[in-house]
C-alpha cells in the first residue's frame, strides 16, 4: 500500500475516533447545562459506553501497524509526519495501560468522587481520606505503568503538559516563592483599594448581554459557538466549528460572570482557531493545558484586567449600569478588579496570590507521589503551607484541602498548568506588544481582532505541531521565563498600590 | 452456556447499542435546539459515524447466534421471550439490507432532502421531481428486499406500524371518505365560529409559562425531561428518565405554542411511562407510530380541545391574559379552538379535515409503490385530490405537494400512522371514560393524573409486549373501529355548530 493510502487509512480511523469523542463531549456539555436530574444515571452509562468504544478503536493493533509503517515512510510531508509522531506517542502510551488497571481506576475514580462529595457535605477530610489514599496508590501505579525518569510525578505531569519536568517546576516555584511572597507582603502593607461597587445589585439580563458583547469584542465567533449557563464555567468543543463556553451569573457580584466570560472566551478562541482540515488529528488539538491556559489568562488578566481595556468598556458598562457605578471612576474600577488579598479559595484568588495556591498543590502532589507526604497528614500540611505562603488560617476543610474537585477525579499533575499558563500568558503578551504596532491603543478602543489574529497565527493554527517549549521559543525567542511575569506584576501593582 | 447467561449477553449487547442510539438522539436534539450554524457539517458526520457503529453492532453475527439459541430455549420467562422475538424480527429485517443498498439510500436521502429544500426555495416541484423519482425507485427496491404479501406498500408500512396492511387501510379510508366528506360539507354550510382572539398579541414569557403549567398538569415529569424551543416541535428521549419536548412560540398566535405543548407532552408521557428495567430492549420501546400518535392526539384533541379541559384552564388563561380575552366567553373559546375549515396545509388542519390530508398522501404513496402513479404527475394528482376531498384550489407547490419533509427523508408509509393514531385515541379515550369514574369531572378540575396512570398501565408500561392490534383489543375489547371516531366527531361538532 502506498504511503498516501496508508495515511488516508490513519486519518479515517482518527476521525472516527474523534466523532465519538466529540459526541461524548456533547453528552458532557448537556449534563452540565441542561440535563434533568433523573437523566444522570443512564447518561453516565452512555458516556461510559462511548468512551470504551473510542478507547478500543484507538488501541486497535491495526492502527498500531498503520502507525508503525507510516513512521518508517519517507513519503510523508512534514506536517503529516508530525501527526503520525504525535499519534504514535499517544498510542504507545494508551497501550501501556492494562485493561485491569483501566477498569479499576474508573471504579476508584467514581468512588473517590462520591467520597469527596460526602466529605464536602460533612466538611470533614477524614470522610475523603481513605478513598483518596487508594486513588493516590493508583496514581503511583500509573506512574510505574507509564514509566519516568527521576521522579514519578513526571509521568503524570506529562499527561497534561507534555515535556514538563518536576525539577524544572521546582526551580520555577522557587522563583515564585522568592519573588512573590515578599511582593505580596509589601502590597498588604499599603492602603487597600475599594471593591464595594462590585457587590451591588447587577440584574441578570443586562449582565448577560454585556458578557456576550465582551465575547464578540474578542472575536469569539457565535456562528461557531454559543454561551450557556452551568454551575461551573467551562469551555468544550465538538469540532473547531462548534466551540461552546458557559458562565454563571451572580446578581450580587458582577465579577463572577464577567471574568468567566473573558477567561472561557480565551480558551474558546484557541479551539476556534484550530484548522478544520486537522479535525481528529494531533495538529487539530491544543498542544498542552499550560498553553491552553495561557490563552484564557492572557485575555482574562493581560487584556481584561488591564487599564486600557476598561477605558472604552467602562463607559459602556456605565451606560448599562448607571446607578450601580455612578460613584465609581474608571481608575477606581480598574483598581477594584485587581485587588490583591490572600485568601483560602483558589478560584477566587487574585492574579498574584493565585500562584501560592498552586504552589501548595504542586508541593503536595509531588510529595504524595514520592511518598514524602502521606494522605492522612494532608489537612495539617495544607493548613501549614497556607499559613506560610499566604499567612491565612484555614478555617475548615471545605475552605482548605477539600475545595478542589481535581484529586477526586484522579487529576494529579494538572494544577501546575494553571501557573504555567499565567506565566506563558505574560511572555506571549509581552511579545505581542512588540510585534503589533499600537496594540495598547487598539485595546483602549475595544479593537481586539488584531490581537486575536496574532494569537491565531502564532499559536492556534499549529495545534500540536510544536511542543509547548518549541512554541514559546519560536514566539518569544526563549523558553518560559518567570522574569516577564514579575516585571509585569511589579509594574502593574506598584501603579495600583502607589508603591 | 445457560439460557440465563445467554440472555444476559443479549441484554448487554442491546444496551450498548441503545447507549449509542440515545447518544445520536442527543446529537439530533442539540442540532435542532442549540447548535450554532457552522457546527452542522461535523455534526452530520458524527451522527453518521455513530449510526454506522450502532448498525454494525446490531447486525453482528454473534448477536444473531445468541438470538437463535435464545429463540429455541425453554428457560426464558414470557417477557424475556417477547424481547427475544421482537429483537429477532428487527435483526432479521436489518440483515436483509445489503451494504450497498444502505450506503446508496443514505446518499440518495441526503440528495433528495437537498433537492426538496431547493424546490421549496423556488416553489417549483420540477426541481424536486427527478431526485424524488430516484428515491421512490429505492423505496420500491427496499420493498423487494424486505419482502411482502399482496402489495409492496405493506413492506414499508410495517416499518412504522408493524402489522398494518394496505387493504385494511383501504377499508379504513373508504369509511373516512364516506362519513367525513359529507359531514365536513354540512359543517361548512353552518355559520362559522369566531377565532379572532387567538391571533391577538400574547407575549412570549407568560405564554411559555402557561405551556409549562399545562405539561405539569398532565403529569409530565420535569425531573425526567425539559422543554426547549425548536423550529418544529418534537419529542425525543435519551432514556425513560430523560424525555424532552420542544415547542415554538408565536406572539401573534396563541395556538401555535399551546397545542404543540400538549401534543408533544402526550408523546413524552408514553416514553416516560416505559419501564427503566427495559432500557435498550423491545419492551422498553413504543409499539408503533400509530399508538405513539394515539397518545399525543388523545391529550391534544380529546383532552386539550375538550370543553371540560377549558372549564378550569380558561379561568387560569384569563388571569394570565385578561386584556386579550376580556370579550371572550369559555364557550366562544372552546368553539374557536375547534374551528373546522378545509385548508392546504396539513399541520395547520383541524381535527376532522386533517384526515383528508392523510388520505391524499396514503393514496399517492400506495400508487407510487405499485406504479399506478408516476412521480412526474404528482403535482397534478395532488391538486386534483385536494379539490375533490377538501374543495380547495392549491395555490402553489409549497402549499401543496412540497409542504411535507417526509418523502425527502424516504419516509414512505409514515403518514397513515397519523390517522391511525387519531382513531386509536378516540377509541382509547372512550374506554377510559368508562373505566375511570368521574373522568370528565376530573378533567374539568384540571386533575389529569388518574388518566395518565390509566394510559400508563394500559399502554405505556408494556412497550412492545403486545402488537398494536393486541393492545387495542386488550384495552377496548375490539380492533380499531372507525365508528368511535365518527360518534365522537358527530357529537362534538354538532354541538359546536348547532346542527
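Every read-out reported here was derived from the displayed coordinates using simple, explicitly stated rules and does not represent laboratory data. Just so you know, these numbers come straight off a predicted model, no measurement behind them. Here the Cβ positions follow ideal geometry from the backbone for every residue, glycine too, while neighbour counts run over all protein chains shown.
Here are a few things to note about the model shown:
- Three semi-axes describe the equivalent ellipsoid of the stretch A:351-499; taken as square roots of 5 times the Cα gyration tensor eigenvalues and ordered largest first, they are 35, 20, 13 Å.
- Nearest-ten-degree value, helix A:99-122 long axis tilted from longest Cα axis of chain A: 20
- Considering every alpha-carbon pair of the stretch B:95-191, the percent of pairs per 10 Å bin, from zero through the bin containing the longest distance, is 14, 27, 27, 24, 7, 1.
- Protection proxy ranking, peptides B:400-412, B:437-449, average beta carbon neighbours within 10 Å, highest first: B:400-412, B:437-449
- Measuring between their Cα centroids, the stretch A:266-328 and the stretch B:34-88 lie 44 Å from each other.
- The listed peptides A:338-344, A:298-304, B:414-420, B:280-286, ordered by packing as a protection proxy, come out as A:298-304, B:414-420, B:280-286, A:338-344 (highest mean of other Cβ atoms within 10 Å first).
- Angstrom value of the Kirkwood radius, inverse mean 1/r, which spans all Cα pairs in the stretch B:334-426: 13.9
- Helix A:204-218 vs. chain A, principal-axis angle (Cα, 0 to 90°, nearest 10): 70
- For chain B, the share of DSSP beta bridges that are antiparallel, to the nearest 5, is 60%.
- Taken residue by residue and averaged, Cβ atoms of other chains lying within 10 Å of the Cβ of A:21-31 number 4.
- For a modelled paramagnetic label at residue A:201, 7 Å from Cα along Cα-to-Cβ, the residues of the stretch A:293-335 in reach, with backbone nitrogen under 13 Å, are A:323-324.
- Most simply put, the protein assembly as shown has about 60% antiparallel DSSP beta bridges, counting only bridges with both residues inside it.
- Starting from the label point of residue A:69 at 7 Å along Cα→Cβ, the same points in the other copies fall at 3.6 nm, in ascending order.
- Cα-based helix-to-principal-axis angle, B:416-435 vs chain B, degrees rounded to 10: 70
- Separation in nanometres of the label points that stand 7 Å from Cα toward Cβ, at residue B:177 and residue B:277: 4.9
- For residues of A:239-250, the mean tally of beta carbons on other chains within 10 Å: 3
- Distribution of pairwise C-alpha distances over the stretch A:168-233, 10 Å bins, in %: 14, 23, 19, 35, 9
- Summarising the label geometry, the points placed 7 Å from Cα in the beta-carbon direction at residue A:370 and residue B:253 lie 7.3 nm from one another.
- Max-minus-min Cα coordinates of chain B on each principal axis give 72, 52, 49 Å, with the largest extent listed first.
- Cβ-Cβ FRET estimate between residue B:121 and residue B:387, R0 fixed at 25 Å, reported to 0.05: 0.45
- Spin-label model, residue B:483 to residue B:73: label points 7 Å out along the Cα-to-beta-carbon direction sit 4.6 nm apart.
- What the Cα convex hull of the protein assembly as shown gives, in volume per residue, is 201 Å³.
- Across all directions, the average projected area of the convex hull around the alpha carbons of the stretch B:3-152 is 11.9 nm².
- Gyration tensor over the Cα atoms of the stretch A:9-88: the corresponding equivalent ellipsoid has semi-axes (square roots of 5 times the eigenvalues, largest first) of 34, 13, 7 Å.
- Globularity index of the stretch B:432-499 is 1.33 (Cα radius of gyration / 2.2 N^0.38 Å, N = number of residues).
- Most tightly packed first, judged by the mean number of other beta-carbon atoms within 10 Å of their residues, the peptides B:90-97, A:305-312 read A:305-312, B:90-97.
- Between residue B:348 and residue B:229, the contour length at 0.36 nm per residue exceeds the Cα-Cα span by 41.0 nm.
- Distance between the C-alpha centres of the stretch B:197-225 and the stretch A:431-472: 48 Å, rounded to the whole angstrom.
- With eigenvalues of the C-alpha gyration tensor scaled by 5 and rooted, the stretch A:239-397, Å: 32, 27, 12
- Cα-based shape type of the stretch A:294-345, given that a ≥ b ≥ c are square roots of the gyration tensor eigenvalues and the cut on a/c is 1.5: oblate
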